[in-house]
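S.K.: So that we are looking at the same thing, I have put the structure below in C-alpha cells.
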Amino acid sequence: METRLMQRRYRFGRRLFTGATAWLKWWLLAGIVLVPVLSAVFADVFELGLWSITAAVLQWFAAGTAGMMIFGNLAVWISRGCTRREITVAFIVFGVLASVGLAAYLTAGFAAEHALMALVADPPTSLGEALASGARYLAITPVYFFAGVLVGALSAGYSGGRGFSAAVLIGTGGLYAATLYLEFNEAWFDPGWSTAASAAAALAIAVVLAAGCVAALRSIPIRGKRA
C-alpha cells in the first residue's frame, strides 16, 4: 500500500509536467522554429539574437503556470482525497522535470539560433557559449518555478487582504530582481569559480523557495471554491 501511494504522488508530478507541456506545446514549437529564423533574418539589428529574450520570457511562463495550477486546483485536489504530502511531492517532481525540460529546450534553441546566424553573419558567441547559455537555466528555472508555486500556494490560503497583496508584490519584485541579476550576470560566461558561485547562489535560492513551498503546503488553511 505504501509503495502504491508513493508511486501515485510521482505519477501525479509527471502528469502535471506532461499536462503543462501539452498546454504550451504549440507556443514552444512555434518559438523554437520562428525565433532562431528571425534572429538570422534580423542579424544586423539584433546582434545578440532573440533567443535570450525568449528564454527570459519563458521563465515567467514557468512561474505563472506553476502558480496558477496550485492556486486553481489545491482545494479541489484535497477535496478529492489527495494529501498535502502527495501534492508537495508532486510539485517537487514537477519542478525538477520542468527545470530539466525547459533547460534542454532552451539549449536546443540557442544551438539552432547559433547555427542559423552562422549562415548569414558571424554569430555573437561560440557554439560552446551558446550551449552554456541554455545549460545555466538548470539553475535558474527552479527559482522561477518554486517562486510561482509559493505565491500560488500562499494565495490559495491567505489572499484577499491588502497586506497580503502588498507583501506578495514587494517580495516577488525583490526576488525576481535578484533572479534577473543572476540570470544575466556575466559570471555565467567566465570560466572558473565565478560561474560556479552564480550557479550555487541560484540553486541555494531555489532550495530555500522549495522549502518554503513545503512549509506552506503543510500549514496554510485551504479555502473551498465558491459556487
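S.K.: So Trp23 clears everything in (1) surrounded by 17 or more Cβ atoms within 10 Å (Cβ to Cβ); (2) touching a Ser or Thr at 6+ places or on another chain (Cβ under 8 Å); (3) among the hydrophobic types (A, V, I, L, M, F, W, C) except one condition, right? Which one?
M.R.: (1)
S.K.: If you don't mind, another one. Looking only at residues in segment 107-131 that are open to solvent by less than 50 Å² (accessible area, probe 1.4 Å) and not in a helix (DSSP H, G or I), which one is nearest to Phe184 (Cα to Cα)?
M.R.: Among those residues, the one meeting the criterion is Pro123.
S.K.: Return yes when Gly49 is assigned to a helix (DSSP H, G or I) and either out of contact with any strand residue (DSSP E or B) (no Cβ under 9 Å at 6 or more places or on another chain) or among the basic types (Lys, Arg) (or both) and no when it is not.
M.R.: no
S.K.: Scan segment 132-171 for residues that are modelled with pLDDT under 70 and open to solvent by less than 50 Å² (accessible area, probe 1.4 Å) and jot them down.
M.R.: Ser159, Gly161, Phe164, Ala166, Val168, Gly171, listed by residue number.
S.K.: Ser198 fails exactly one of the following numbered conditions: (1) among the hydroxyl-bearing types (Ser, Thr, Tyr); (2) within 28 Å of Val45 (Cβ to Cβ); (3) at pLDDT below 85. What is the number of that condition?
M.R.: It is condition (2) that Ser198 fails.
S.K.: Yes or no: Val41 open to solvent by 30 Å² or more (accessible area, probe 1.4 Å), farther than 21 Å from Phe184 by Cβ and at pLDDT below 90?
M.R.: For Val41, the condition - open to solvent by 30 Å² or more (accessible area, probe 1.4 Å), farther than 21 Å from Phe184 by Cβ and at pLDDT below 90 - is met.
S.K.: So which pairs qualify, if the first residue must be in segment 32-58 and free of Cβ contacts under 8 Å to residues at least 12 places away in the same chain, the second must be of a type outside the set (Lys, Arg) and assigned to a loop (DSSP other than H, G, I, E, B), the Cβ gap must be under 6 Å, and the two must be at least 6 apart or on different chains?
M.R.: none
S.K.: Let me ask something additional. With Gly13, Gly49, Gly31 as the choices, which residue is open to solvent by less than 30 Å² (accessible area, probe 1.4 Å) and on the phi > 0 side of the Ramachandran plot?
M.R.: Gly49
S.K.: So, one more: Can you name the residue in segment 68-96 that is of a type in the set (Gly, Ala, Ser) and modelled with pLDDT of 90 or more and is also surrounded by the most Cβ atoms within 10 Å (Cβ to Cβ) among such residues?
M.R.: Gly95
The values are calculated or read from the model by the stated rules, or taken from the named source; none is laboratory data. On a predicted model such as this, the values are computed, not experimentally measured, just so you know. So basically every Cβ, Gly included, is an ideal-geometry build from the backbone, and we count neighbours across all protein chains shown. Calculation scope for accessible area: heavy atoms of the full protein, side chains included, ligands and nucleic acids excluded. Shrake-Rupley method; radii C 1.70, N 1.55, O 1.52, S 1.80 Å.
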